[in-house]
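Only one structure is covered here, and it is reproduced in the block below.
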Amino acid sequence: MATNGPVEAGGAYYIISRALGHKLGGAVGCTYYLGLSLLAVLEVLGAIEVMLYMDSGLELGMGEAGGTRVWAVLLLGVLTVLVWGGMALVSRAGLFFAAVVGLTLSAYYASLVAAPLPGSSPLVTGLRASTLRSNWGEEYTDGITFSDVLSVFFPCFTGILSGANRSKALKDPEKSIPRGTLTAICLSACLYTSYMIMWGAVADRDYLKYGPSFSAASGRRRRHLLGGGSESMSVVSEMAWPDATVVQIGVIIASLSQALQCLITAPQVLNAIAADGTVPFLNVAAPLNKDGEPHIALFMTTGICLCASMIGSLDLVAPLLSICFLCAYAALNFSTFALGLTKAPSWRPTWRYFHWSLGLAGFLLCTTLAFVIRWYFALVAIVLLAALVFYIESRQVQVDWGSALGGIRLDLATAAMLNLAHERRHSSNWRPQLLCLPSWPCRVEKKGGGGGGTAGAAGDTLLNVAAQLKKGRGLCVVAEVEEGNLSTDRGLSTRVNVAKERLRDRISSSGIKGFAHVVVAPSYRVGKTFAIQGLGFGGLEPNTVLLGWPRRNAVDFDEDADDGVDDDDDEIGGFGTRRDEAPSSSKPSDRAHWNGSTEFILAAVGAAVGLGNLLRFPYMVFKHGGAPFLIPYALAALFVGVPVLGAELMLGHAMQKGIVDSFAIMHARAWGIGAAATLGGFLLASYYGVIIAWVWVFLLASMTSSLPYDDGKEETFFYDDVLARRDDISRGIGPCKWWLVIALTLTWATCYACIRSGVKSAGKVIWVTLPLPYLLLFFLLVKGFTLDGAGAGLEFYLFKWDWSSLGKGEAWVDAVAQIFFGLSIACGNMPAYGSGCARDNKIGRNAWVIAVANAATSLYAGFVVFTFLGHLAHVDGVSVNDVAQGGWGLAFVVYPAAIATFGDGAAQFFAFCFFLMLLCLAIDSLFALIDGVITAFCDRFPRCAKHRELTAAVACVAGFFAGLPMTTEGGYQVVDVVDAYVSRYALVIAGLAETIFLGWVYGADRLQDESKALCGVGVGGRYFAPTLKYVVPSVLIVMLAYNLTREGETYGGYPRYAIGIFGWLCCVVAPVTLIGLGVAKPFSLLRPGAYLDLEDEEERAGGGGGVAGEGSLEMGRVRSRD
């Protein structure tokens, strides 16, 4: 690549962007830049590790982690000052650094040759073939794998692009870069290989792994990069010649010199990206100072390095930067493969020892290595690259260079066109290939722009019709006629170009993906004929002509009724609608609405915020390493939660229907998707009601003079007194317990009272049930901060970081599951709530408000929970690890135990506050879930809508009977099974079906555009459609596969009948069956004629016509026909 032409600033980024285009080039350039920055951090942390080994006093009294972070800030600051001083200063320092590195390498070789030195351990044998043979096989330390070792050693070779990065400073880069790069690779390979062989031949394996005191350190996990930590640094110290201190200082200086080089190169790469403008949000780094140095880019790089150095772990930084560099190497290899394969005219490298197959092999090897090192980091890198590509595309960045990918597309398109031209036509392969003439009929006598300027609103209406027919897919050619004579008219080419640009703008605004053509002809009628005969070629000739219909026609139109239309408004009415008629969706609806946007937000937040925020989220943070868990949680919220939540809210808002009817309107065979989501919501409601019944029992118990669960009796009270739990349910789940049945009756009676009148009653209740829990949480938080041991609890919650947890798939799956529970998506209730919003409600913006409120509540609740857990651990004299648990045990065992320590009076008060808070949080979610079920029936059956209170009563009774098996002696196990299988499968299956349909069948872009047309605001601009189409389905498929692979013989050791009935049958088979029934049996066939009576629909819409076919959000109540 370097010999194919001059390599400008940016080095590898410049090569990749010019070969693969600005989109991939900008994305890969960012990862390469990030890799360079992380390499600087790695080298600085390596130097600090040796410093702390040499003198433990350098920890500054803050422990190893604190001292490392402080020294990282100081050293990075010094290196930044050196780079800021200019290249001349760095060049002088570079010569010194090179000399020190050379001396250090020589000292290592001398130490290995001179071993064993006097006083060395007897396990140091000196260079012997027998020692090498005994050490030759693999024997990793416990917990270490080949992937770990590879991730540590791979950064040794990440400097091979230094020549390309400094190409502008080379006299003859076409010769210098290949020779220098190959020499560096060969020399490095020889150095590293010789070091490994010599170290393997000089001492016993355990001595090398654990140091002189290996017996005491046996089995200890490696914590640092340099040779395995302080134990192995002692090996270097004991064997170093001439002096250990000299060698250690050499290692420090060598590491800092490499960090300095990275701080020189990384800002140059960032500045090159910013100067090209390929990644718009980085354009701020484009300016140079008066010396031509990228000072802003340098400060940005230093900031990133400082943030990354706070990780403080070489083991985590090493694989991260390895993945970043592998992305760049893979892109370079793919560039040479693409250019070599397509034989691009610009591909003329002077380096002849190359074939495109080498590029392909290198690309595959780099990709494989990335997944071998850390498969999850590799997936994150792919998602990051995809997100950057989508961002660059969404910003419509324009550059003045092409790409090899364009050549590949051209070759493939040419081959496909040639094959298509000879393919025999058959009806099964027929597709409408439109030729749209939007300016006919028009008044050709109007001057000033020909066909391109006379289209007006008529042409735009016809373009909208074309967009509806093609749904943005397939071939569509839009043609205009420019009247004139090519041989005599001056300025005609300029007029043609202007008309073509206008036509392209109109096509883009109409959502059509197609081609714009302007035909020059003496008259419009002649030009129309030219367009029909001449446009298209091969198998892509238009086969359907789309024309407007003239308004003035005595046969087809009533002239008397049309007299009010001005002659200048001779327009077409799309599918029988008139231009002055509003779509039916804008007609006033008789559906009950929320009393303002605030009430809707409160209700939606109440539906989203529930027991999962208080009981599940804090434990997930604790379980998965503290604050690092917030990374997968935030990514899951951003790329899974918000898109699905926004889509569901937009769906209900636009259709003014619940989830079942909304999907049925979009497609008659999609009703099963809404039914599956509604079933999942009902299953959630069934066991949510039982948990609320438990809360009722504890709430009443807190009103007694002495708590029944004090003096360490909390487990006995919950499992024996409240649940009367049967440990073995192999012979059945036993009888119902009367007190739980009464509590369950009270639960559903409360629920019915809240939702009997729909949004009217729920909107009033929510003003109490939502603010009250936050007030009670505040009381509990204030109390928690005053408790002994609260600090220890908070440390375990957020401030005890364990980054290794991010390497476990369970953390990512739990994050997505928490988002599904926390935002109450794929349950059917959010579309029902959205359908109660007025048309002007900014539904997309409110989706973000709900998501942020849910996340903030989760974090807020965690502080309350862990202050109490810290107090309980302090009282019991144990670690927080020993008392922390999640789920129902946290709410009904651990928390009551902590409250019971407050003493009489205070214990009762705070117990009442806690369980009242649980009741309010849970009841909001319960009536939201069951409201989704009620809305589905009321939308489908007019009688249910007419008698909504009776429908609500029937739904609550159904929920009561569904919860009865969970009030038995084996009810706790049933709750556990339903909870697990709903979260693992039912919601995931429904969510997957939703996103596939909305993203691919209906169209995510279309959903977003039509929501904007209704209320002016979407969910997330251009970020929404790609995430809904690609990211969310991919994540849910991976999550589903992960859950299936973890599925043991029986969940929790429960009997097969319990798993089969309450797990697989209710939560897996039932939703899949509903989706299948929807595909097999169109919704309109469930009640003949329900959605096929277009005349009735036109009458309800005020005379507007409807499209017989796929429904549209824009058309509002236009129904779908199978």
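The values are calculated or read from the model by the stated rules, or taken from the named source; none is laboratory data. Quick caveat: nothing in here was measured; it's all calculated off a predicted structure. Cβ: placed from backbone, ideal geometry, glycine included. Neighbour counts: every protein chain shown.
All conditions in (1) touching a residue at least 24 places away in the same chain (Cβ under 8 Å); (2) surrounded by fewer than 20 Cβ atoms within 10 Å (Cβ to Cβ) hold for GLY758, with the sole exception of (2). If the condition is being in contact (Cβ under 8 Å) with a residue 40 or more places away in the chain and either outside any helix (DSSP H, G or I) or surrounded by 21 or more Cβ atoms within 10 Å (Cβ to Cβ) (or both), then the range 993-1002 contributes ALA993, GLU994, THR995, LEU998, TYR1002. Of all residues in the range 594-636, count the ones that are of a type in the set (Ser, Thr, Tyr), surrounded by 19 or more Cβ atoms within 10 Å (Cβ to Cβ) and out of contact with any Phe, Trp or Tyr (no Cβ under 9 Å at 6 or more places or on another chain). Within the range 594-636, residues that are of a type in the set (Ser, Thr, Tyr), surrounded by 19 or more Cβ atoms within 10 Å (Cβ to Cβ) and out of contact with any Phe, Trp or Tyr (no Cβ under 9 Å at 6 or more places or on another chain) number 1.
Only one entry of ALA275, ALA297 meets the criterion of being of a type in the set (Gly, Ala, Ser), under 33 Å from the mean Cα position of the chain (by Cα), surrounded by fewer than 22 Cβ atoms within 10 Å (Cβ to Cβ) and in a helix (DSSP H, G or I), and that entry is ALA275. Comparison of THR901, THR951 shows that the only residue that is without any contact (Cβ under 8 Å) to a residue 24 or more places away in the chain and among the polar types (S, T, N, Q) is THR951. Note on the range 259-292: among residues that are touching a residue at least 60 places away in the same chain (Cβ under 8 Å) and in contact with a Pro (Cβ under 8 Å, 6 or more places away or on another chain), the one that is nearest to VAL389 (Cα to Cα) is LEU270.
Across the range 347-394, the number of residues qualifying as polar (S, T, N, Q) and at pLDDT 85 or above comes to 3.
In contact (Cβ under 8 Å) with a residue 60 or more places away in the chain and either among the polar types (S, T, N, Q) or assigned to a helix (DSSP H, G or I) (or both): is that true of ALA945 in this structure? Considered against the rule, which asks whether it is in contact (Cβ under 8 Å) with a residue 60 or more places away in the chain and either among the polar types (S, T, N, Q) or assigned to a helix (DSSP H, G or I) (or both), ALA945 comes out as no. In the range 133-144, the residues that are over 18 Å from THR193 (Cα atoms) form Cβ pairs under 7 Å with partners that are assigned to a loop (DSSP other than H, G, I, E, B), at six or more places apart or across chains, as follows: THR141/ARG221; THR141/ARG222; ASP142/GLY219; ASP142/ARG221; GLY143/ARG221; ILE144/ARG222. Being in contact with a helix residue (DSSP H, G or I) (Cβ under 8 Å, 6 or more places away or on another chain), part of a helix (DSSP H, G or I) and of a type in the set (Val, Ile, Thr) is true for just one of VAL70, VAL100, VAL78. Which residue is that? Only one candidate passes the filter, namely VAL100.
What is the one condition in (1) in contact (Cβ under 8 Å) with a residue 40 or more places away in the chain; (2) farther than 21 Å from ARG616 by Cβ; (3) not charged (D, E, K, R) that VAL782 does not satisfy? The number of the failed condition is (1).
Quick one: VAL90 ticks every box in (1) modelled with pLDDT of 75 or more; (2) buried (at least 18 other Cβ atoms within 10 Å of the Cβ); (3) under 17 Å from GLN258 (Cβ atoms) except a single one, so which number is it? Here VAL90 meets the rest and fails (1). The residues on offer are VAL44, VAL28, VAL70, and the sole one that is surrounded by fewer than 20 Cβ atoms within 10 Å (Cβ to Cβ) and not small (Gly, Ala, Ser) is VAL70.
Condition check: part of a helix (DSSP H, G or I), among the polar types (S, T, N, Q) and at pLDDT 85 or above. Does THR716 satisfy that? The answer is no for THR716. Given (1) assigned to a loop (DSSP other than H, G, I, E, B); (2) farther than 21 Å from TRP1064 by Cβ, identify the lone condition not met by LEU740. Of everything listed in (1) assigned to a loop (DSSP other than H, G, I, E, B); (2) farther than 21 Å from TRP1064 by Cβ, LEU740 misses just condition (1).
Please verify whether the range 649-664 includes one or more residues that are under 18 Å from ALA853 (Cα atoms) and within 24 Å of the chain's Cα centre (by Cα). Yes, that holds for at least one residue.
In the range 301-324, is there at least one residue being farther than 30 Å from ASP802 by Cβ and modelled with pLDDT of 80 or more? The answer is no; no qualifying residue exists.
Number of residues in the range 791-848 that are not in a loop (DSSP other than H, G, I, E, B) and not hydroxyl-bearing (Ser, Thr, Tyr): the value is 35.
If you go through the range 135-151 one residue at a time, do you hit one that is more than 25 Å from ILE311 (Cβ to Cβ), part of a helix (DSSP H, G or I) and modelled with pLDDT of 85 or more? The answer is yes; a qualifying residue exists.
Of all the listed residues (ARG839, ARG845), the sole one being basic (Lys, Arg), assigned by TED's automatic domain parsing to the domain that holds PHE915, over 11 Å from LEU649 (Cα atoms) and surrounded by fewer than 24 Cβ atoms within 10 Å (Cβ to Cβ) is ARG839. Across the range 1011-1031, the qualifying residues are those that are within 13 Å of LYS842 (Cα to Cα) and assigned to a helix (DSSP H, G or I), and the one among them that is modelled with the lowest pLDDT is CYS1015. Taking the listed residues ALA110, ALA115, ALA98, the one that is surrounded by fewer than 16 Cβ atoms within 10 Å (Cβ to Cβ), closer than 30 Å to LYS209 by Cα, assigned by TED's automatic domain parsing to the domain that holds PHE157 and in contact with a Phe, Trp or Tyr (Cβ under 9 Å, 6 or more places away or on another chain) is ALA110, with no other qualifying. Against the test of being of a type in the set (S, T, N, Q) and either buried (at least 19 other Cβ atoms within 10 Å of the Cβ) or closer than 24 Å to GLU599 by Cβ (or both), the options THR745, THR769 yield a single qualifying residue, THR769. ARG18 fulfils the conditions (1) touching a helix residue (DSSP H, G or I) at 6+ places or on another chain (Cβ under 6 Å); (2) buried (at least 22 other Cβ atoms within 10 Å of the Cβ) except for a single criterion, (1).
Is the range 71-81 home to any residue that is in the same structural domain as LEU161 (by TED's automatic domain parsing) and within 30 Å of ARG179 (Cα to Cα)? The answer is yes, given that some residue of the range 71-81 is in the same structural domain as LEU161 (by TED's automatic domain parsing) and within 30 Å of ARG179 (Cα to Cα).
LEU700 meets the conditions (1) more than 29 Å from ILE989 (Cβ to Cβ); (2) assigned to a loop (DSSP other than H, G, I, E, B) in every case but one. The failed one is (2). Among the residues of the range 195-213, those that are crowded, with 16+ Cβ neighbours inside 10 Å and either out of contact with any helix residue (DSSP H, G or I) (no Cβ under 9 Å at 6 or more places or on another chain) or not in a helix (DSSP H, G or I) (or both) comprise ALA203, ASP204, GLY211, PRO212.
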